[in-house]
Amino acid sequence: MDAEKSSSSSFEDLSNLNEQERAELASSVPAPAEANEQPSTAEQNDKPESEAKATEESESECMDILGNGTLLKKVLKKGRSELRPESKDLVTVSYTGRLEDGTVVEEQSNAVVQIDDVEVVQGLDMALKLMNEGEVAEVIVNPRFAYGELGVKDPTEQDPVIRTVPPNATITYTVELVSMREESDIEARTYASRKEIGNRKRLRGNFWMKRQEYNLAIQSYRRALEYLDDTVSAGGMMESGSAGSVELSTAELQNLLEDRMKVYNNLALAQLKISAHEAALKSVDHVLKCQPNNAKALYRKGKILDAKGDTAGAITLLQKAATIDVDDKLIQSELSKLILKSKREARNERDLYQKMLGQAQKLEQKTKAPPAAQTAESSKIMMWGYLVGTILIGVVGVAMYRYNNP
């Protein structure tokens, strides 16, 4: 399971705790001598030097951000202000990531990163919220909050700045928070800007999908939809410009629709991977509502229905997808599997029915057997009764005859 990010309030608490510790450290310094006890000249000369040394040591201390040693931060250069970025703020950062042997595996200069949008590794994303503007810090990130057990084999289109990272590698970042600013209203952005940012977040989601970090992928896809989805007003899609609102062209609308469909399709897959079946159905239905013959969406929905136990419904959708994209071997393979599964389920159901029917027949025979035996026994008793009765009648008749004819 992917580790959840700490909330902003958690970071504020950690920050306050650190300041409190520094205050306690300062309060532990012996109180100044009474007025009638003047310090010596040597003590006066040593005091500024000792205070400066104590301050330097305090600044060089590592902050254990999560309290378990998996994410450490040490200030190398104090910031020029006390301002810190908050969630969704845009920060400009320069950073270099090194392995324990000093090998550089990641490097960026003046990169724009949105806080809490996992556009960098989780550990660095969390540490940025604890940095002041202009600060330079060293951040030591445990594999759990870096590239984990998978590492990075080769650079990708989404992250060309990342070089090969071995599995379970601890990465030490030297990072400078150059500047920061609040995120502007999405509605105020131009069509080109929203399209560019939305697709960048979509690609980041694809990056996390390939790494099987499905929750992080879902987070990225949802953020992408905020830029690609929320663009239609009651009067149609408009783009703000110097000359006022301008209606977007049909081609632009179609391009944006295609981008949204890609995001919803991928979002459905990520939700399916974590067994969020109802959410996945809603996502894929967004696609099929606009593109009912989207083979990938039909395939996704078929997989979802199969996971929910509706094999027949899944087969119907995959058959439709197979007729639309006849060259897709994945669809053909999955359809064959589902047909075999359906036959196996039907055979098992038939065998179960026959077994139940056989047990019912045996039970019926057992319940009917005692009355049949009882009927045969009753017939024997009745025959003996008739025989005895006949004999008695004969005896009585003989007795009466002798009595009447002595």
**OP:** Enter the accessible area per residue of region 60-183 (Å², integer; probe 1.4 Å; all protein chains in place).
**Re:** 45 Å²
**OP:** List, in the order given, every pair from Lys301/Lys343; Lys195/Lys320; Lys74/Lys273; Lys210/Lys308 whose Cα-Cα distance in the structure shown is over 27 Å.
**Re:** Lys195/Lys320; Lys74/Lys273
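Using the structure shown, select from Lys282/Lys329; Lys296/Lys341; Lys88/Lys201 the pairs with a Cα to Cα distance greater than 23 angstrom.
Working: Lys282/Lys329 26 Å; Lys296/Lys341 21 Å; Lys88/Lys201 13 Å.
Pairs exceeding 23 Å: Lys282/Lys329.
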Original post:
So what's the gap between the Cα centers of region 57-96 and region 288-307, to the nearest angstrom?
Top reply: 45 Å
**OP:** Considering Cα pairs under 8 angstrom that are at least six residues apart, work out the relative contact order of region 60-183 and quote it in whole percent.
**Re:** 33 percent
**OP:** Pop out the carbon and sulfur fraction of the accessible area of region 60-183 as a percent, whole number, probe 1.4 Å.
**Re:** 45 percent
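The values are calculated or read from the model by the stated rules, or taken from the named source; none is laboratory data. Quantities reported herein were computed from a predicted structural model and do not represent experimental measurements. All accessible areas refer to the heavy atoms of the entire protein, side chains included, with ligands and DNA or RNA removed. Shrake-Rupley method; radii C 1.70, N 1.55, O 1.52, S 1.80 Å.
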